[in-house]
Structure formats: structure tokens, C-alpha cells
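Student: Here you go, one structure.
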Amino acid sequence: MMNSRKSWVNIPLLKNIIKNNLFPAKVSLIIFVGVFILSLISGSNSGFSQICIVVYGISAVVLTTIYPCFIQSYQVNKTKSSMMCSLPLTTRCVWFTNYLAGYLIALVTLLIEGLGLMMFLGLNNAGTEGNIFIRFIMAIFLLLFIYYTLTYLVCSLSGNRLGQVVFSLAAYALPVILLLGLIYISPKLVPSNLDLGINDTYLYLTFPLAAGMQFIYSAYPHIFFHLFLGIVTLICSYYVYKNRENEYIGEPLVFRRIIIVLKAILIIAVTICGFGVILLVSKINITYGFKGQSLLFLIYILIGMIVAIIVEIIFKGRHVYRNLLIYVPVLAIVFGANFMIANKQYLSGINNSRYEVTADLVAELAGNQEYLSLSLNNEVTKEFLNYLSKHRDDLHFEKYDDEQQDLAMMYTYQYEHGLDDDYYSYSIYYINKKAVIDFFNGPGNKYFDKLLNYTEGLKKEKSLICYVNDYAVYLNKEEIQELIKLLPNQEIKPKNIFSIKTYNLLNPDSVNYLISSNEAITNFITSDELIERAVFIENCRDVIDDINSDSTKFEEQIKAVVSTQFSHETIDMVYPNGDSTVIAFSNDEVIYQGTYEVVTKEGNNYTYPLEFTLKKGDDGVIVNDIKVGG
């Protein structure tokens, strides 16, 4: 037997503690084994496989939370505490023996359940180089140590059971609140950004569980940062245990030396929540510049001071205003850290060479209901974003009705190089129109003429769409050439970009042409012939939408057309996949093309373009022809 006076662990005491605290572990094992057996019987495709994973997760949380409370139950009872202190053992030995007993019970239970889970899911055959099995076992040891030690520490702070539960929940909730604060408050601290999704590193450094899952599947070492924090927490736990003020047993807090720290943590958490709610429900017209951020900071500090006073009253503090001198700098540091993290992420996002950025700049023109729309390429967008990052007083949180004439909106789309399909991220910037003018008068002037000098490009277009007065006016090649003859001098200056009347012309590839208008152009685009054609094409669109939403009307005809492409298979169903677009038009005929999925009874899928020719009839639009497109 070890020398009780010098050893860290007393074996008889360890065995006794384990023997008397096995009930939660037994219940956990019984439940898990029951679900595990049902999962094996039902098969891996049944719902029990997911239930098995959920039960293991719940078991891990419950055991990690319950055992520190169970093992330290004597610390919330004066009689039991006195009996434990009377043992001929050192404080260190009693503390570590109790700590180790709970850890071993939870560890063995979770290892047994974890091995069963791996057997069922086949994790030992997955992962990089087959090492996922070893990393899974390591993660159980590490994550249990981290969370168990944290819970053990906070339970040592309390003198009653309720306090242990509350402190445990608070310890788990604080990182969540801090991260959510970073996510939801950051868009108010820096401009709406292309890459403002919080970097994964912050997630892994905040949540041990996330770092553990990353370690299992990717072997990244973020979890060892939490291991270091766990060791520090273990040392703090011993210090708290050794210096507990047992005369306060029965009260929520027995370690009074850190009451100011606990109150500060509570104040930070409540302040972040309150600040987030105010930003969510209020319409604060603030910019991202110094004035706007200063006002936000004052609101944040004011909320924090109110919360601090309330907390001091609840805890019956005797030095309310003196403690404010501690809380206010702490709140300022948290706010500043939040801003610095968000700002770093913002700047790295707009300067990241891995991504290509495009944008649509949209603004209502002064004095009418028409809109200016400019398409910006990667080079222009990145330079404009960098310009705006240095002029944040021109960037607003939101755009309200009374600001419609003063602000422009820029929709940004960020793509990762090599990916042409879905955009990586999307943001909206609300910008003072003056800032747009200043940019194109200054660093963006070299791009301005290229954005608006469209004559040569227009000559090559075969068809264009112009949206005017709620109509989509389609222009063919001959009409485009006629329009070009009517164009006035296209030397639009940045200073009058938002004041002159313009039209936006869009080609089938979504390339946008902005032209300044005059009376002749307006009369041409809004002529009776073009408006009548626009109405006809819109009616044709309604017919196409009706076909796509209820394909049974033309199902047999569509199947007959598609069947010409098959010789050895039988068509089961045909359905649209995506939108249909106009590929040809005249005053009395429109051809739409759409992509359709064909499913055969043999179980194969095919994709074909179908063309629908629609014509004017006596009673409206008729479908004249359906054929497979080229």
C-alpha cells in the first residue's frame, strides 16, 4: 500500500469511492447496450444507428457533468466534509483520489461504449492511413480530461448542489456566447464582408469538442491547446480545493476570492446577449467609420454598466461603483478583441488572392423610379473594396426607406479559383453615392470609361433585354443596330452617373450595358411594337411556366419527342430541371429552351434540352412545336 502521507492516491479510498458511485455508469451502459443490440438487429440503415450515436453523445455529456458533482458531494455537506478532512491523508491525496475515481469511472464507461460504437460504425476501417481508430481512443482520453477537469473545478467553487449545476452550465455556455457574439456582432463592427464567416481556427480554439472531432478525422493538433488549458484548469482546481472556505458550505459560492471574476464573466455574457438583441431589433443608422463604431462602443459599455450594477445588487456587493472600475476596462477589452478579430477576418477576405470577386452596383436614380446597374469584374471590385475599407464612414449597416435616394447597394459574389458553379459567399454593401462618385473620380477612374463605353460591344450582340416600366423589352440584332444610331455621346462622367436617365441592356450571358438616354431612345424602346412584343413574350413565359409546373398537359407529347432518342429503353417520366430561356423571338413567335431530365423504366437518367415553339393564336398563345434542342 502507498504511503498515505506522501502519495497522490490512496488505493483503499479510491476503491471505496468507485464502488459507491457506479450507479450512473451502470445506467449509461445498460441504455447504450440496449440501443446497440437493437441497432445490430435492425441493421446499419435503420434509425437505431443514429440513435446509437446520439445515446453515446448524451452519455458522454451526462457522465462528464454528473461525476464531478457525485464525487464531490461531500463538499456540499458540512458533516461529510468534516469527516473527509479528519482522514489521516494529505489534502493533495484526498483531492486527487476523488478526482481520479470519477475520471476512471467515466473513462472506462465511455471506452466500452466507444468501442461498441466503432464496431458498429466500422470506424476502425475508415480515415486516413487507418489511424482513425487510435485517434478516436486518444480523443476519448483527451476530451474527457478537458471537460471533466473543467466541471471538477467549477463544482469545487460551489457549496451546494444547485451552485454546482449552475456553474457547470455556465462554464459550458460561456464559449458558446463568446463565439455567437463574435458571429452576430461582428457584421456590425466591420463592413458586410465576402469572407466574414468566422475562421475555423476560432471554432477549434473555442470548443474542445470541435477540436476533438477535427483531431479524429484530420489529426490537426488544436486539441492539444485545450489539453494545455486542461492541465492549467487541473492546477487551479487543486488550488481552489485547498483554499475552500468551508464555513460557506450550503451557499452557492464557497471560494469567495474569485467572486469578482465570476461576476465579471456573468456581466460579459449578459452584456453580449443584450447588445446582440439591441442590434437585432433596433434600426440604428450607423456607419462602419470611427463615429459609428464609437457610438456602438458607448452603447455596449452602457449596457455593461447597467448589467454590472444589477449583478452587484443581486450579489449584495458593497463596492458597486469601485467594482465598475474593474468591469468597464474588461468589457472594453472584450469589445476591442471582438473588433480586432472581425477586422482581421474582413481585411484578409477582401485581399485573398485565392478568390475571384465580382459585383453588381445598383442604385435608384434621382427623380425617377429607374435604377442604375453596373457589373464590376474582379479587378474593379477588389480595388473598390479596398477603397471602401479606408472610407468606412461611407458604409452603412442597413438601408432604410428614407435613405433610398442617398445610398447605393453593391452585391458581391466571391468565387474560389477553379470553381465555376456556385459562388463561395455573398454580401451586400450599403454605400453613400458620393463614395461611388469619389472612387470613380479617383483610383477607379481608369476603369470608368471601360464600364460605360459599349458601342463596339453592342454592335456584336444578337439580342438584348431592356427592363422598362415593368416590361422585359426584347431587341433583335436589327433593332440593336437601330438603337446604336440613336445613342448620344456616351461620355458619362462620374459626377452625373446617378442623375442622368439611363437604360440597362442585358445579353443572354448576363453582360450588362449601361446607356444614357434621350427622347429618341425612350420613344424607340417604349414603342407600341416593342411593348406589344414584350407582352406577348411574357404571355409565352406564363405558358412555359404552366407546362413546367404541370407537365401532364403535354406529358405524352414530350415523351413522344424524347423517345426518338431511345431505341432500347422505355421512358418512365420526364420533368424539367431548371429554368427555360428565350433563344429566338419575333412579333408572333417565341422559342423557349429548357433542360429536362428523362428517367427510364430500366432505371437510367438522361438530360436533354427541349425547345418549345409558341405562336399567337386566336384565343391566346398556342404551343406550335416541341422538339429536342441542339
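Student: Are any residues in the stretch 568-585 loosely packed, with under 14 Cβ neighbours inside 10 Å and either aromatic (Phe, Trp, Tyr) or free of Cβ contacts under 8 Å to residues at least 12 places away in the same chain (or both), and if so, which ones?
Tutor: His568, Tyr575
Student: On the given criteria, is Leu196 outside the structural domain of Tyr99 (by TED's automatic domain parsing), modelled with pLDDT of 80 or more, within 30 Å of Thr412 (Cα to Cα) and not hydroxyl-bearing (Ser, Thr, Tyr)?
Tutor: It is false that Leu196 is outside the structural domain of Tyr99 (by TED's automatic domain parsing), modelled with pLDDT of 80 or more, within 30 Å of Thr412 (Cα to Cα) and not hydroxyl-bearing (Ser, Thr, Tyr).
Listed here are the residues, each with its yes/no results for (1) in contact with a helix residue (DSSP H, G or I) (Cβ under 6 Å, 6 or more places away or on another chain); (2) closer than 18 Å to Asp360 by Cβ; (3) modelled with pLDDT under 80.
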position: Gly418; (1), (2), (3): no, no, yes
position: Ser425; (1), (2), (3): no, yes, yes
position: Ile428; (1), (2), (3): no, yes, no
position: Asn432; (1), (2), (3): yes, yes, no
position: Ala435; (1), (2), (3): yes, yes, no
position: Asn445; (1), (2), (3): no, no, no
position: Leu452; (1), (2), (3): no, yes, yes
position: Lys462; (1), (2), (3): yes, no, no
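Student: If a residue must be touching a helix residue (DSSP H, G or I) at 6+ places or on another chain (Cβ under 7 Å), over 24 Å from Val511 (Cβ atoms) and surrounded by 16 or more Cβ atoms within 10 Å (Cβ to Cβ), how many such residues does the stretch 348-386 contain?
Tutor: Final tally of qualifying residues: 1.
Student: Let me ask something else about it. Would you please name the residue that is modelled with the lowest pLDDT, looking only at residues in the stretch 527-567 that are buried (at least 16 other Cβ atoms within 10 Å of the Cβ) and among the aromatic types (Phe, Trp, Tyr)?
Tutor: Only one residue tops the list, namely Phe554.
Student: Taking the options Leu178, Leu182, Leu169, name whichever one is within 30 Å of the chain's Cα centre (by Cα), closer than 22 Å to Gly212 by Cα and either surrounded by fewer than 16 Cβ atoms within 10 Å (Cβ to Cβ) or assigned by TED's automatic domain parsing to the domain that holds Ala101 (or both).
Tutor: Exactly one of Leu178, Leu182, Leu169 is within 30 Å of the chain's Cα centre (by Cα), closer than 22 Å to Gly212 by Cα and either surrounded by fewer than 16 Cβ atoms within 10 Å (Cβ to Cβ) or assigned by TED's automatic domain parsing to the domain that holds Ala101 (or both), namely Leu169.
Per-residue answers, yes or no, for (1) closer than 23 Å to Arg257 by Cβ; (2) buried (at least 21 other Cβ atoms within 10 Å of the Cβ):
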| residue | (1), (2) |
| --- | --- |
| Gln50 | no, no |
| Tyr74 | yes, no |
| Thr79 | no, no |
| Ile112 | no, no |
| Ser156 | yes, yes |
| Asn160 | yes, no |
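Student: In the stretch 243-259, how many residues are in contact (Cβ under 8 Å) with a residue 40 or more places away in the chain and either surrounded by 16 or more Cβ atoms within 10 Å (Cβ to Cβ) or among the basic types (Lys, Arg) (or both)?
Tutor: Qualifying residue count for the region: 6.
Student: Could you tell me whether the stretch 507-526 includes any residue that is within 21 Å of Leu610 (Cα to Cα), surrounded by fewer than 14 Cβ atoms within 10 Å (Cβ to Cβ) and outside the structural domain of Thr600 (by TED's automatic domain parsing)?
Tutor: The answer is yes, given that some residue of the stretch 507-526 is within 21 Å of Leu610 (Cα to Cα), surrounded by fewer than 14 Cβ atoms within 10 Å (Cβ to Cβ) and outside the structural domain of Thr600 (by TED's automatic domain parsing).
Student: For residues in the stretch 473-525 being within 40 Å of the chain's Cα centre (by Cα), assigned to a strand (DSSP E or B) and of a type in the set (Ser, Thr, Tyr), which is nearest to Gln405 (Cα to Cα)?
Tutor: Thr502
Student: Among Ser39, Ser46, which is the only one that is surrounded by 15 or more Cβ atoms within 10 Å (Cβ to Cβ), farther than 18 Å from Cys155 by Cα and modelled with pLDDT under 85?
Tutor: Ser39
Student: Oh, and also: Within the stretch 61-76, restricting attention to residues that are more than 15 Å from Arg244 (Cβ to Cβ) and of a type in the set (Phe, Trp, Tyr), which residue is farthest from the chain's Cα centre (by Cα)?
Tutor: Ranking the qualifying residues of the stretch 61-76, first place goes to Phe70.
Student: Something else: How many of the residues in the stretch 281-339 are surrounded by fewer than 19 Cβ atoms within 10 Å (Cβ to Cβ), of a type in the set (D, E, K, R) and assigned to a helix (DSSP H, G or I)?
Tutor: 2
Student: Go through (1) buried (at least 19 other Cβ atoms within 10 Å of the Cβ); (2) assigned to a strand (DSSP E or B); (3) aliphatic (A, V, I, L, M) one by one and return the number of the condition Leu451 breaks.
Tutor: (2)
Student: Using the structure shown, decide if Tyr103 is part of a helix (DSSP H, G or I), of a type in the set (Phe, Trp, Tyr) and crowded, with 19+ Cβ neighbours inside 10 Å.
Tutor: Details: part of a helix (DSSP H, G or I): yes; of a type in the set (Phe, Trp, Tyr): yes; crowded, with 19+ Cβ neighbours inside 10 Å: yes.
Criteria met by Tyr103.
Student: Counting only residues that are under 36 Å from the mean Cα position of the chain (by Cα), outside the structural domain of Ala472 (by TED's automatic domain parsing) and among the aromatic types (Phe, Trp, Tyr), give me the strands (runs of 3 or more DSSP E) lying completely in the stretch 547-630 with at least 1 of them.
Tutor: 571-576, 589-600, 605-617
The values are calculated or read from the model by the stated rules, or taken from the named source; none is laboratory data. Being a predicted model, the structure only gives us computed values, none of them experimental. Cβ coordinates were reconstructed from backbone atoms using ideal geometry, including for glycine residues, and neighbour counts include every protein chain displayed.
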